[in-house]
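Everything on this sheet refers to the single structure shown next.
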């Protein structure tokens, strides 16, 4: 009898933040630009990450909204914020924001 263990790996990658969900003062999740131009919605931000992101997010333009490929609406942010992500290697990629956000 064989017992298989499915090990999921995540590797850190840097990605440009292109938007956020909910109010800028307490974003619930970030929209990031991944390789090959693909956009993804991050998992929910912890309270400390949301607070950090709120202080670094560039001001959005007036009524600038977008939606991810899966239909989630978000507010577009200006350029200038990069997030370190842990991007899973599974077919349905999970994107988690690491505790490092950097304004350019």
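Distance between the 7 Å Cα→Cβ label points at residue 47 and residue 25: 1.7 nm.
Relative contact order for the range 10-103 using alpha-carbon pairs under 8 Å, separation at least 6, rounded to a whole percent?
33
Bear in mind these aren't lab numbers, they're just calculated from the coordinates by the rules spelled out. Note that the structure is a prediction, hence the values are computed from the model and not measured. Because the Cβ atoms are built from the backbone with ideal geometry, glycine has one as well, and the counts that use them run over all protein chains shown.
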